[in-house]
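Structure record follows, encoded as structure tokens.
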Number of protein chains: 2
Amino acid sequence: MLKKNTIREFREILGSNNCWNRPEDVICYSYDAAYEEPVSPDIVVKPGNYNQVSKIIGLCAEENIPLVIRGAGTNLSGGTVPLSGGCVLLTTGLNRILEFNKEDLYAVVQAGVITAELALEAEKNGLFYPPDPASMKVSTIGGNVAENAGGLRGLKYGVTKDYLMGVRFYDAEGNLIIGGGKTVKHATGFNLPGLMISSEGLLGVMVEFILRVIPKPEYSKSLMVVYNDIIRACETVSEIIASRIFPATIEILDNFTIKAVREAIKTEFPAGADALLLIEIDGHPEVVNKDFDRILKICNSFNGTVRVANNKDERDKVWEARRMALSSLSRLRPTVILEDATVPRSKVPAMMKAIQEISKKHDITIGTFGHAGDGNLHPTILTDKRDRDEMKRVKMSIDEIFHAALKLDGTLTGEHGIGFLKAGYLEGELGAGTVNFMKKLKHGIDSKNILNPHKMNL
Amino acid sequence: MLKKNTIREFREILGSNNCWNRPEDVICYSYDAAYEEPVSPDIVVKPGNYNQVSKIIGLCAEENIPLVIRGAGTNLSGGTVPLSGGCVLLTTGLNRILEFNKEDLYAVVQAGVITAELALEAEKNGLFYPPDPASMKVSTIGGNVAENAGGLRGLKYGVTKDYLMGVRFYDAEGNLIIGGGKTVKHATGFNLPGLMISSEGLLGVMVEFILRVIPKPEYSKSLMVVYNDIIRACETVSEIIASRIFPATIEILDNFTIKAVREAIKTEFPAGADALLLIEIDGHPEVVNKDFDRILKICNSFNGTVRVANNKDERDKVWEARRMALSSLSRLRPTVILEDATVPRSKVPAMMKAIQEISKKHDITIGTFGHAGDGNLHPTILTDKRDRDEMKRVKMSIDEIFHAALKLDGTLTGEHGIGFLKAGYLEGELGAGTVNFMKKLKHGIDSKNILNPHKMNL
């Protein structure tokens with residue numbers, strides 16, 4: 001609980017309109033998009049300028065108040081939930097696109113800008129901001145950077161880190177820190193943009209970014225490929241990559257997910273398919289058509305039936321349906337646990353088999369979809385956290401999914417981050433020495449442990 | 001000076017064949033490719049395995065011996081020179097390509113692998129490792145990562161950071177630290193590959209990397225464009241980028257550099273040109289030819305005369321001559337100071353004008369060449385460090401080049417790093433708060449200040 005005096009100080013910094021501490025106001029900030037136990041913050045603040053950000057950090061440092069930074073709260077690893085009360089700082093008041101430079105191909109944006117707004121601004125200028133997490137219509141750029149958000153186009157275009165040129169943030173003492181800049185090459189001191197990507201709110205409060213934008217692809221072609229056997233679909237993915245073809249996107253949905261989407265919305269996804277691949281190829285028309293022919297052959301050789309989108313409307317409907325995968329699955333059981341194991345692309349078939357076996361072995365419902373072209377699958381466990389017996393089997397399944405990914409040269413999380421939910425697995429992947437190194441890094445920069453404390457178990 | 005006992009301990013770790021402390025042996029490690037005063041290390045060691053690396057760090061930590069890591073010593077900012085004696089650790093004994101994965105498109109290499117060897121291995125496998133610093137025939141991958149080395153192909157293909165997927169290094173206590181991995185997406189904990197890029201030997205001793213390789217471009221076309229006015233050449237560069245065309249390379253050479261290269265080797269560079277642009281376009285043949293036509297028009301509109309390389313031999317000779325720029329200039333005066341100012345690409349003409357004015361104002365000889373397509377120019381000052389009066393004017397010129405770059409939204413260094421030579425300018429670009437943050441980061445991780453101490457003034 002905060003002292004009355006402290007609350008008054010918050011109000012003095014922010015004005016009373018941007019500062020909430022009544023239980024009914026702060027409860028909405030007690031959870032995010034991850035499965036976990038809710039914890040309410042003591043106070044929620046929404047700064048409208050950088051000076052307020054700096055002062056809030058100063059106050060938290062002085063009073064030893066844990067400070068959790070939050071954009072849209074779409075975090076899938078519990079990163080934006082305060083584990084021990086304290087202050088939640090909303091970045092949504094810092095929501096301006098400050099510069100859009102068409103000549104030098106970058107945008108300067110504040111942390112609270114919605115991802116889709118930046119994508120739209122780029123499009124208006126005939127340009128392209130590729131990172132497109134499924135939540136992009138609500139997620140913020142600040143959150144995207146803090147989690148190194150991926151998306152559907154990661155295969156060809158990479159993830160948020162591949163677009164971050166510069167960052168401005170406030171450190172644990174409220175000092176403004178500048179990293180990177182507006183040049184495409186930058187070697188001035190430590191790589192602070194690289195440090196802050198994936199930092200999950202533990203190293204500073206990010207307020208502003210310089211992001212690269214690129215020319216818009218001229219032409220694209222969208223395919224839906226229908227399989228009777230999901231393993232053949234996975235083998236197709238490995239073969240496309242091994243053939244050195246890079247579509248913009250290769251997404252997969254298993255039969256369970258297809259059915260869930262069909263129940264939720266009207267879609268052309270065929271109910272009987274064991275799996276679907278959704279593929280988009282983009283670029284210069286000649287190259288797209290050539291790649292299309294090669295992909296067609298590969299799909300056929302793995303018994304996939306290809307349907308090509310005939311127009312923009314057909315294409316958009318398919319991607320809209322794909323983006324509904326998680327929310328469609330979420331409707332089916334009270335508790336949804338979304339995993340994020342990622343493996344090298346040649347190991348996608350083996351990873352899919354492992355997931356199937358784990359599901360069977362523990363009698364757990366798992367719907368799997370995800371960015372197959374990145375080796376990034378989202379096995380989604382449907383359960384009920386009140387059912388203790390089932391939850392034990394769920395826990396074992398999660399452990400086994402993690403170990404299967406590691407055994408296949410993979411990683412715990414491709415894009416959702418560690419936060420609170422995955423903290424227990426960090427050491428298993430990286431070793432105690434690495435976790436200790438991360439601790440030294442964290443505490444060297446934030447000696448009072450104010451910024452998102454106890455996340456990643458650091 | 002090291003104690004006899006300590007030297008014996010070094011020998012015990014390494015065997016006497018990989019450990020030197022006689023003045024005539026260590027003097028070659030007293031300087032690197034940057035202009036500066038030589039400082040000899042007390043001891044030079046060449047570990048052949050990771051266990052030795054760990055033990056050397058442990059010994060240095062115990063005895064408070066500064067530890068400087070060195071690959072080929074091509075560093076251009078004094079980063080590999082020991083400022084206060086101590087131990088130089090050569091990575092050249094760790095020189096194996098451990099894995100080359102053609103299916104999942106990555107290579108696992110040790111720190112001492114020569115850049116050109118990795119490029120060759122990729123080529124043998126029909127793949128492509130793009131980063132190509134001018135020194136790539138001798139530079140090591142470890143040095144490339146520590147400095148975030150760029151090269152001629154940065155424009156289209158990015159720099160070393162864009163290829164680093166994973167890193168293994170030993171921290172200041174000799175513990176093995178693991179960052180990143182073999183998956184194209186990775187969000188497990190802090191972004192340690194991003195942290196170690198550009199870390200210039202201050203944060204750990206890197207021993208192993210996982211590097212992305214990409215499909216080889218099918219086709220390329222090389223152009224030499226001759227200008228009577230270098231500013232028109234610079235305007236061409238800005239216009240190509242603003243037209244959203246991304247050749248693999250756009251290099252510039254001014255008249256002084258052209259003449260220097262002509263004096264050094266046999267070349268087709270025309271003596272009378274005020275400037276040359278060397279452009280290479282690569283990719284799918286259709287796209288290359290289309291981009292070629294557009295570039296031709298742009299060059300002509302800025303009064304550039306285009307010559308196309310007719311075959312591989314002509315092409316190779318042009319790039320060979322370009323790579324001779326620095327060494328050709330170096331022959332002309334006793335002291336060469338290579339600057340690395342980088343600006344957004346639309347500001348290249350303004351930056352070139354600023355360099356010309358500074359050269360004139362202080363009566364200093366500057367030959368300028370570099371990666372114009374990245375906004376990364378290398379104004380190269382030719383002088384004699386024994387001439388105190390001229391050195392004063394050189395110092396003023398360097399200051400003014402730096403300030404001109406900053407004024408144009410640029411940065412101090414695009415690819416050569418800070419090291420010792422640029423340390424005094426760091427605060428001018430990033431502010432005292434940021435330098436202080438970097439200090440906290442460095443000392444949090446390396447509390448005894450063993451690793452490349454005093455570099456970047458941290």
Problem - Criterion (under 16 Å from the mean Cα position of the chain (by Cα) and not hydrophobic (A, V, I, L, M, F, W, C)) met by exactly one of B:424, B:431, B:444, B:419 - result: B:419
Practice task
Determine if segment B:300-317 includes at least one residue that is away from chain A (no Cβ under 14 Å), exposed (fewer than 15 other Cβ atoms within 10 Å of the Cβ), of a type outside the set (Asp, Glu) and within 23 Å of residue B:134 (Cβ to Cβ).
Solution key: yes
Completion exercise
Within segment A:175-192, residues open to solvent by 10 Å² or more (accessible area, probe 1.4 Å), within 8 Å of chain B (Cβ to nearest Cβ) and under 23 Å from the mean Cα position of the chain (by Cα) come out as A:191
Handout entry: Residues (among the hydrophobic types (A, V, I, L, M, F, W, C) and within 14 Å of another protein chain (Cβ to nearest Cβ)) located in segment A:81-118
Key = A:98, A:100, A:105, A:107, A:108
Practice task
Kindly check whether there is at least one residue in segment B:420-430 that is facing another protein chain (nearest Cβ under 7 Å), farther than 24 Å from residue B:350 by Cβ and surrounded by 18 or more Cβ atoms within 10 Å (Cβ to Cβ).
Solution key: no
Exercise for the section: Please give the helices (runs of 4 or more DSSP H) falling wholly within segment B:224-302 in which 2 or more residues are hydroxyl-bearing (Ser, Thr, Tyr) and in the same structural domain as residue B:377 (by TED's automatic domain parsing). Expected result: B:230-242
Exercise for the section: Just give me the residues in segment B:430-451 being closer than 29 Å to residue B:371 by Cα and touching a Gly at 6+ places or on another chain (Cβ under 8 Å), in sequence order. Expected result: B:430, B:434, B:435, B:438
Practice task
Might you check whether a residue that is without any contact (Cβ under 8 Å) to a residue 12 or more places away in the chain and in contact with a strand residue (DSSP E or B) (Cβ under 9 Å, 6 or more places away or on another chain) occurs anywhere in segment B:89-99?
Solution key: yes
Practice task
Kindly establish whether residue B:222 is touching a residue at least 60 places away in the same chain (Cβ under 8 Å), away from chain A (no Cβ under 11 Å) and among the hydroxyl-bearing types (Ser, Thr, Tyr).
Solution key: yes
Exercise for the section: Could you tell me whether any residue of segment A:95-107 is in a helix (DSSP H, G or I) and outside the structural domain of residue A:44 (by TED's automatic domain parsing)? Expected result: no
Fill in the blank from the handout: If we keep only residues of segment A:193-209 that are touching a Lys or Arg at 6+ places or on another chain (Cβ under 6 Å) and β-branched (Val, Ile, Thr), then the residue farthest from the other protein chains (Cβ to nearest Cβ) is A:207
Problem - Odd one out for residue A:200 among (1) in a loop (DSSP other than H, G, I, E, B); (2) farther than 23 Å from residue A:68 by Cβ; (3) of a type outside the set (S, T, N, Q) - result: (2)
Practice task
Return a yes/no flag: does segment A:392-414 have any residue that is farther than 29 Å from residue A:322 by Cβ and at the interface with chain B (Cβ under 8 Å from one of its Cβ atoms).
Solution key: no
Practice task
Count, please, the residues in segment B:431-458 that happen to be open to solvent by less than 20 Å² (accessible area, probe 1.4 Å) and over 19 Å from residue A:170 (Cβ atoms).
Solution key: 10
Exercise for the section: Look at residue B:160 and say whether it is farther than 30 Å from residue A:148 by Cα, at pLDDT 95 or above, hydroxyl-bearing (Ser, Thr, Tyr) and crowded, with 24+ Cβ neighbours inside 10 Å. Expected result: no
Exercise for the section: Select from segment A:38-68 the residues that are charged (D, E, K, R) and over 11 Å from residue A:85 (Cβ atoms) and write down the one among them that is nearest to the chain's Cα centre (by Cα). Expected result: A:46
Handout entry: Hits in segment B:385-405 - residues which are under 20 Å from residue B:428 (Cβ atoms) and open to solvent by less than 30 Å² (accessible area, probe 1.4 Å)
Key = B:394, B:397, B:398, B:401, B:402, B:404, B:405
Exercise for the section: Answer with yes or no whether residue A:347 is basic (Lys, Arg), surrounded by 20 or more Cβ atoms within 10 Å (Cβ to Cβ) and facing chain B (nearest Cβ under 9 Å). Expected result: yes
Exercise for the section: Collect the residues in segment B:318-344 that are at pLDDT below 95 and farther than 24 Å from residue B:34 by Cα, keeping them in residue-number order. Expected result: B:318
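So that you can scan it fast, the table gives a plain yes or no per residue for (1) part of a loop (DSSP other than H, G, I, E, B); (2) open to solvent by 10 Å² or more (accessible area, probe 1.4 Å); (3) more than 11 Å from chain B (Cβ to nearest Cβ); (4) touching a strand residue (DSSP E or B) at 6+ places or on another chain (Cβ under 9 Å):
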position: A:136; (1), (2), (3), (4): yes, yes, yes, yes
position: A:146; (1), (2), (3), (4): no, yes, no, yes
position: A:168; (1), (2), (3), (4): no, yes, no, yes
position: A:173; (1), (2), (3), (4): yes, yes, no, no
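The values are calculated or read from the model by the stated rules, or taken from the named source; none is laboratory data. As the structure is a prediction and not an experimental result, all values here were calculated from the model. Note that we place each Cβ from the backbone using ideal geometry, even for glycine, and neighbour counts take in every protein chain shown. For the accessible areas, the whole protein counts, side chains as well, though only heavy atoms, and no ligand, DNA or RNA atoms are used. Shrake-Rupley method; radii C 1.70, N 1.55, O 1.52, S 1.80 Å.
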